[in-house]
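One structure is given here, and the rest of the page talks about it.
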Amino acid sequence: MMSYIPRSDFLHVMTTRGFIQDCTDLEALDQALLDGVVPGYIGFDCTADSLHVGSLIQIMMLRWLQKTGHKPIALMGGGTTKIGDPSGKDEARQLLTVEKINENMAGIRRVFETYLDFSDGPTGAVQPNNADWLDALNYVEFLRDYGRHFTINRMLSFDSVKLRLDREQPLTFLEFNYMLLQAYDFMELNRRHGVGLQMGGSDQWGNIVNGVDLTRRINGNQVFGLTTPLLTKADGSKMGKSAAGAVWLNADKLSPYEFWQFWRNTLDADVAKFLKLFTELPVEECDRLGSLAGAEINEAKIRLANEVTALAHGADAAAAAEATAREVFEKGGVGEDLPTVELPAGSISVVQLFVQAGLAKSGKDAKRLIAEGGAKLDDAPVTDAGLMVDLDAQIKLSAGKKRHALVRPA
RNA sequence: GGGGGGGUGGCAGAGCGGUCAAAUGCAACGGACUGUAACUCCGUCGGGGAAACCCUACACAGGUUCGAAUCCUGUCCCCCCCA
């Protein structure tokens, strides 16, 4: 299947940049994309008030879809989030309140606004909420009209279900229904917006195929599914953790500087891949940068960090992050963009200083850091865990070589 | 409804009356090496305290013991088999 060389701009970009894991019918989709505007959607759970790098590949895909002349649809799972997708999870997620879901939706909207163009027009992005149609469903009617198109036999064969059963983890009937609702979403979006394509991670394959089938049966329309590979780092670990935890795309959840650092610390072997997926640099340039040898690849990582940060937070934020990073790491100095905490002026213990600055999880953790020689105050190692510090000017704190923060008297 | 198994630190998974803040592995963190890599190696890894030491913890609530993650009772939850 992948030997087929697509002619449409969108699929050309997707294949050459490594976005595609699987497609229900690559050739037919290619033709549809050539024939006219294809509205395509990706569903997002509203489990948090922001999205993180785990969703970035999907976001970039929507962005490319729009850039290549089609209509991106970021579907908010306001309805399905009430249920919880069992895919790839061992346990049912805790159910969120409707208020929390709506709040999360607003935060996610802010992410999309930086990546997509929401203006009116045939290729303007839209962000519908599936609660708009799912909430109104009548149980018995739904079962009669749609339930009959799903066999338990087939549903049990899906990985998301099998995995749970094999691992002897409970799968509730509530979650079991998730896939029906997601299939219904596709059909409904096809009906409402003429949506012809659903994209998602490879873990969504089963759900997507169900939607393709249901849309064909109910609406009589051929629609397509496209999945992205599961992203892992070259060392096999999961992508998406920074020193500060999840790598959020909203600046109020993770500062642009820390976001920049996350990309700066990409593994050598991942540089080319990440450049293709997360930046819009020409493919040849991505390959060239990724193949730089030895210490030279550091410049490629800086380029990667700059490009990705510019997309998420703007070019100015990226430049500021880079300036701070160069100041801190290359000159051992201080940069404005370092995480900063304001504390009441006066006497405070070093231990508290590290805890308050977020460089230590607890006092115990801070003491450990000091005992191990990893704690520094204005670049001077802290040797006495009982040290009292007089906070009357800005102090630079360091935990190890990479984590730095500033503390200022309020 | 009946029978059996089980709930331990971020996760996985030992322990089955004291020497248990709890083996081991993974993750995480610090150090050496380096390129703010990778690999490897060393160390740390419940909370408070400068420290001696103290506190909270092995689903929850009681109980037996000088002493319980380990025994007993009740409650909740999970898994498997039968009906």
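The values are calculated or read from the model by the stated rules, or taken from the named source; none is laboratory data. Here the structure is a predicted model, which is why all the values come from computation and not from measurement. Glycine also receives a Cβ, built like all others from the backbone with ideal geometry; neighbour counts cover every protein chain displayed.
Take residue A:233 and tell me if it is surrounded by fewer than 18 Cβ atoms within 10 Å (Cβ to Cβ) and closer than 22 Å to residue A:205 by Cα. Yes.
Apart from one condition, residue A:85 fits all of (1) modelled with pLDDT of 95 or more; (2) under 26 Å from residue A:158 (Cα atoms); (3) out of contact with any Leu (no Cβ under 9 Å at 6 or more places or on another chain); the exception is (1). Residue under question is residue A:182, and the condition is that it be touching a Gly at 6+ places or on another chain (Cβ under 9 Å), closer than 30 Å to residue A:70 by Cα and among the polar types (S, T, N, Q); does it hold? So residue A:182 passes the test.
Cβ-Cβ contacts under 8 Å between residues 6 or more apart (or on different chains), taken from a first residue in the stretch A:114-131 that is charged (D, E, K, R) to a second residue that is assigned to a helix (DSSP H, G or I), are listed as A:117/A:66.
Of all the residues in the stretch A:388-410, those that are within 9 Å of RNA strand B (Cβ to nearest atom) and part of a loop (DSSP other than H, G, I, E, B) number 3.
Determine, yes or no, whether residue A:55 is buried (at least 17 other Cβ atoms within 10 Å of the Cβ) and part of a helix (DSSP H, G or I). Spelling it out, residue A:55 is indeed buried (at least 17 other Cβ atoms within 10 Å of the Cβ) and part of a helix (DSSP H, G or I).
Tallying residues that are small (Gly, Ala, Ser), in the same structural domain as residue A:59 (by the TED database) and more than 24 Å from residue A:121 (Cβ to Cβ) within the stretch A:1-39 yields 2.
For the stretch A:370-385, a residue qualifies if it is small (Gly, Ala, Ser) and within 6 Å of RNA strand B (Cβ to nearest atom), and the qualifying residues are A:373, A:374, A:385. Inside the stretch A:249-265, can you point out the residues that are in a loop (DSSP other than H, G, I, E, B) and under 16 Å from the mean Cα position of the chain (by Cα)? Selection gives A:249, A:250, A:251, A:252, A:253, A:254, A:255. Listed by position, the helices (runs of 4 or more DSSP H) enclosed by the stretch A:276-369 that each have at least 2 residues that are more than 9 Å from RNA strand B (Cβ to nearest atom), β-branched (Val, Ile, Thr) and not assigned by the TED database to the domain that holds residue A:51 are A:297-313. Taking the conditions (1) touching a residue at least 12 places away in the same chain (Cβ under 8 Å); (2) within 30 Å of residue A:138 (Cα to Cα) in turn, residue A:216 satisfies each one other than (1). Which members of the stretch A:220-246 meet the condition of being more than 30 Å from residue A:149 (Cβ to Cβ), assigned to a loop (DSSP other than H, G, I, E, B) and more than 12 Å from RNA strand B (Cβ to nearest atom)? Result: A:231, single match. How many residues does the stretch A:102-161 contain that are of a type in the set (D, E, K, R), under 19 Å from the mean Cα position of the chain (by Cα) and part of a loop (DSSP other than H, G, I, E, B)? Of the residues in that region, 1 qualify.
Listed by first and then second residue, the pairs linking a residue in the stretch A:265-279 that is surrounded by fewer than 22 Cβ atoms within 10 Å (Cβ to Cβ) to a residue that is in a loop (DSSP other than H, G, I, E, B) and of a type in the set (A, V, I, L, M), with Cβ atoms under 8 Å apart and 6 or more places separating them unless they lie on different chains, are A:267/A:234; A:268/A:234; A:269/A:234; A:270/A:234; A:277/A:231. Within the option set A:375, A:312, A:410, A:357, being modelled with pLDDT of 95 or more and within 26 Å of residue A:253 (Cα to Cα) holds for one residue only, A:312. Please tell me if residue A:329 is of a type in the set (Phe, Trp, Tyr) and touching a strand residue (DSSP E or B) at 6+ places or on another chain (Cβ under 8 Å). Judged against the criteria, residue A:329 is not a match.
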